[in-house]
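A.B. asks: Here it is: the structure, laid out below.
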Amino acid sequence: VLSMHSAGIGIGMLCVSTLVCLYYNVIIAWTFYYLGNSFQSPLPWSCDASANAKFCNTTNTTISLSPSEEFWNDRVLGVRSSKGLHDPGPVRWELALCLLAAWVIIFLCMLKGIRSSGKVVYVTATFPYFVLIVLIIRGATLEGSLQGVAFYLTPVWERLANAQVWNDAASQIFYSLGIGVGGLLSMASYNKFDNNVIRDTLVITIGNCTTSFFAGFAIFSILGHMAWRKGVPVEKVADTGPGLAFVAYPEALALLPGSVFWAILFFLMLFMLGVDTLFGNMEGITTAVLDEFPQLRANVKHKTLFLGLLCFGFYLMGLLLVTDGGIYWFTLIDSFSTSFGLIIITLFMWVNQFCQDIVDMICHCPPWCTKVLLYFKACWVFCTPFLLLFILTYIFIEMYRTSLHYGLYVFPLWGKALGVCMGTICCLQIPIWAIVAVCKESGTLKDRFQKAIQPLNSWRVNNLNSSTQEQRVEPERIDGPFTVNLTEVDFTAMAWESSEA
């Protein structure tokens with residue numbers, strides 16, 4: 001429904017999705033590794049394991065690492081054998097096998113397209129809620145849990161002056177909702193044309209934020225118990241990024257009675273969440289390619305071969321992230337793949353045209369939908385661009401003032417520049433393909449530009465029940481998402497009529 005020059009937005013989303021898929025399945029590989037080790041009793045990162053006696057000896061003040069930190073840094077990452085970004089070292093075969101298993105599972109689940117992945121999501125999307133409820137009930141019974149909940153609910157207003165907080169917040173909400181990466185759009189393309197997208201939008205956004213808030217109680221109630229056991233403030237045991245899921249929380253689970261059961265439950269939940277997220281990103285990539293090359297969709301063997309080669313290619317590229325120094329590359333891609341590049345891509349939107357498209361698709365739009373759409377339009381025109389530009393400005397200022405680091409390791413300038421290039425490449429797709437679209441048109445530069453920004457019309461002609469329509473283009477019916485077939489109508493001006501609410 002977008003104009004021809006907007007292809008750069010889609011390709012930019014494709015670039016972001018590629019970077020995310022490259023590193024995100026590594027998280028699932030780590031989860032596999034922890035899940036396999038969770039079947040041991042005692043847990044290998046607990047103080048009950050004999051190998052961790054030196055880390056749990058309270059009289060030994062020379063060792064400041066906890067057993068979970070030692071397990072994460074030495075057994076899982078092997079980061080001590082790497083000197084930095086320039087020294088990745090050998091591939092860790094245990095993680096390589098876990099990564100291979102993760103990609104095989106993704107391949108098998110997506111093999112039959114949305115039919116198979118849609119059924120898998122019934123399990124992967126509901127099971128984490130069951131685990132969260134169980135963890136919240138268990139956490140509420142622990143001593144010190146209220147201390148952790150109080151820390152979770154108490155705001156620290158001074159942190160709002162930190163640009164990284166705004167960057168993380170924007171990236172997280174875009175990432176969790178699938179904004180700017182194309183996965184949610186690809187999934188939505190399988191809906192009926194007149195599906196009520198406003199209703200779905202409200203359900204998804206409210207459900208997403210409520211789930212995130214709900215999950216915080218499960219995390220911090222148990223971290224509060226861990227802080228109580230250690231006799232330290234909660235902020236001393238709370239962590240961010242991979243450290244929370246693979247260091248702080250496993251250590252807290254190891255303190256619970258029946259720690260093996262809780263560890264299995266937690267990492268099984270992480271696996272489900274990881275698979276769910278990767279489904280959306282992979283669906284965005286595969287749908288874009290299959291729509292561009294429809295012959296792949298028509299031939300099952302060709303589609304299977306394409307999907308297999310895609311997953312295998314991601315696996316080969318992901319091997320860099322499971323080396324001894326892989327965590328440095330993971331941090332680099334994670335910091336810049338969903339940073340300013342994703343925010344810039346979301347800024348490009350034709351608001352009036354987009355709102356008209358929504359009204360035409362809903363057809364019989366209830367009064368409440370119309371009012372909500374006016375609120376959305378006000379946000380898209382004023383609030384969202386202002387906030388995104390503010391965050392972008394803050395990010396660019398802080399990008400030169402602060403250094404990127406993992407633990408005590410500070411990333412070199414060339415590494416930071418490489419990360420900036422990742423985000424820039426995603427953004428450059430928009431002007432590059434806009435120029436290509438203008439060059440493909442004929443006439444003066446002004447005529448070319450007007451033709452390039454003119455939205456496609458054939459989908460309206462096929463779906464609006466207007467008595468004044470002079471032409472009707474019958475769409476080709478295929479087993480796939482809603483697609484648009486270009487006709488002569490797309491390149492001629494016409495009057496559009498909006499359906500009545």
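The values are calculated or read from the model by the stated rules, or taken from the named source; none is laboratory data. Model, not experiment: these values are computed from the prediction. Because the Cβ atoms are built from the backbone with ideal geometry, glycine has one as well, and the counts that use them run over all protein chains shown. The protein model used for the area step is the full one, side chains on, heavy atoms only, and it has no ligands, DNA or RNA in it. Shrake-Rupley method; radii C 1.70, N 1.55, O 1.52, S 1.80 Å.
A.B. asks: Would you tally the residues in the stretch 192-232 being in contact (Cβ under 8 Å) with a residue 40 or more places away in the chain and not in a helix (DSSP H, G or I)?
C.D. replies: So the answer is 4.
A.B. asks: If LEU99 satisfies every condition in (1) more than 29 Å from LEU413 (Cα to Cα); (2) open to solvent by 20 Å² or more (accessible area, probe 1.4 Å); (3) in contact (Cβ under 8 Å) with a residue 12 or more places away in the chain but one, which is the exception?
C.D. replies: The number of the failed condition is (2).
A.B. asks: Where in the stretch 6-70 are there helices (runs of 4 or more DSSP H), lying fully within it, with 3 or more residues that are modelled with pLDDT of 90 or more and touching a strand residue (DSSP E or B) at 6+ places or on another chain (Cβ under 6 Å)?
C.D. replies: none
A.B. asks: Among the residues in the stretch 197-218, are any of a type in the set (Val, Ile, Thr) and buried (at least 22 other Cβ atoms within 10 Å of the Cβ)?
C.D. replies: no
A.B. asks: Same structure, new question: Out of all the residues in the stretch 420-428, is one or more under 14 Å from SER335 (Cα atoms), surrounded by 14 or more Cβ atoms within 10 Å (Cβ to Cβ) and touching a His at 6+ places or on another chain (Cβ under 8 Å)?
C.D. replies: no
A.B. asks: Something else: Looking only at the stretch 16-56, filter to residues that are aromatic (Phe, Trp, Tyr) and over 12 Å from the mean Cα position of the chain (by Cα); which one of those is farthest from GLY274 (Cα to Cα)? Outline the logic, then answer.
C.D. replies: First, pick out the residues of the stretch 16-56 that are aromatic (Phe, Trp, Tyr): 23-24, 30, 32-34, 39, 45, 55.
Still in the running and over 12 Å from the mean Cα position of the chain (by Cα): 30, 32-34, 39, 45, 55.
Numbers: TRP30: 11, PHE32: 11, TYR33: 14, TYR34: 14, PHE39: 20, TRP45: 22, PHE55: 31 Å.
The residue in question is PHE55.
A.B. asks: Also, quick follow-up: So, SER171, is that one under 20 Å from ILE333 (Cα atoms), part of a helix (DSSP H, G or I) and touching a Leu at 6+ places or on another chain (Cβ under 7 Å) or not?
C.D. replies: For SER171, the condition - under 20 Å from ILE333 (Cα atoms), part of a helix (DSSP H, G or I) and touching a Leu at 6+ places or on another chain (Cβ under 7 Å) - is met.
A.B. asks: A further question follows. Can you spot a residue in the stretch 241-263 that is within 21 Å of ILE173 (Cβ to Cβ), open to solvent by 10 Å² or more (accessible area, probe 1.4 Å) and touching a helix residue (DSSP H, G or I) at 6+ places or on another chain (Cβ under 7 Å)?
C.D. replies: Scanning the stretch 241-263 turns up at least one residue that is within 21 Å of ILE173 (Cβ to Cβ), open to solvent by 10 Å² or more (accessible area, probe 1.4 Å) and touching a helix residue (DSSP H, G or I) at 6+ places or on another chain (Cβ under 7 Å).
A.B. asks: Working carefully through the options ILE133, ILE106, find the one that is open to solvent by less than 20 Å² (accessible area, probe 1.4 Å), β-branched (Val, Ile, Thr) and not in a loop (DSSP other than H, G, I, E, B).
C.D. replies: ILE106
A.B. asks: Does the stretch 406-424 contain any residue that is under 24 Å from the mean Cα position of the chain (by Cα), without any contact (Cβ under 8 Å) to a residue 60 or more places away in the chain and closer than 19 Å to GLY10 by Cβ?
C.D. replies: Looking through the stretch 406-424, none of the residues is under 24 Å from the mean Cα position of the chain (by Cα), without any contact (Cβ under 8 Å) to a residue 60 or more places away in the chain and closer than 19 Å to GLY10 by Cβ.
A.B. asks: So GLN353 passes all but one of these: (1) open to solvent by less than 40 Å² (accessible area, probe 1.4 Å); (2) at pLDDT below 80; (3) over 17 Å from VAL197 (Cβ atoms). Which condition number does it fail?
C.D. replies: (3)
A.B. asks: Which residue out of LEU153, LEU185 is free of Cβ contacts under 8 Å to residues at least 12 places away in the same chain and either within 26 Å of LYS236 (Cα to Cα) or of a type outside the set (Val, Ile, Thr) (or both)?
C.D. replies: That would be LEU153, the only listed residue that is free of Cβ contacts under 8 Å to residues at least 12 places away in the same chain and either within 26 Å of LYS236 (Cα to Cα) or of a type outside the set (Val, Ile, Thr) (or both).
A.B. asks: Let me ask another. Does LEU305 satisfy the criteria of being within 22 Å of the chain's Cα centre (by Cα), at pLDDT 85 or above and surrounded by fewer than 21 Cβ atoms within 10 Å (Cβ to Cβ)?
C.D. replies: Details: within 22 Å of the chain's Cα centre (by Cα): no; at pLDDT 85 or above: yes; surrounded by fewer than 21 Cβ atoms within 10 Å (Cβ to Cβ): yes.
Judged against the criteria, LEU305 is not a match.
A.B. asks: Scanning the stretch 399-418 for residues that are of a type outside the set (S, T, N, Q) and more than 17 Å from SER337 (Cα to Cα), which turns out surrounded by the most Cβ atoms within 10 Å (Cβ to Cβ)?
C.D. replies: Among those that are of a type outside the set (S, T, N, Q) and more than 17 Å from SER337 (Cα to Cα), it is TYR409.
A.B. asks: Shifting gears a bit: Which one is nearest to ILE173 (Cα to Cα) among residues in the stretch 379-392 that are touching a helix residue (DSSP H, G or I) at 6+ places or on another chain (Cβ under 9 Å) and open to solvent by 80 Å² or more (accessible area, probe 1.4 Å)?
C.D. replies: Applying the filter and picking the extreme gives LEU387.
A.B. asks: Tell me which residues, restricted to the stretch 147-163, are surrounded by fewer than 16 Cβ atoms within 10 Å (Cβ to Cβ) and in a helix (DSSP H, G or I).
C.D. replies: Within the stretch 147-163, ALA150, LEU153, TRP157, GLU158, ARG159, LEU160, ALA161 qualify.
A.B. asks: Next question. Among (1) under 21 Å from the mean Cα position of the chain (by Cα); (2) surrounded by fewer than 17 Cβ atoms within 10 Å (Cβ to Cβ), there is one condition THR286 misses while meeting the rest; what is its number?
C.D. replies: THR286 satisfies every listed condition except (2).
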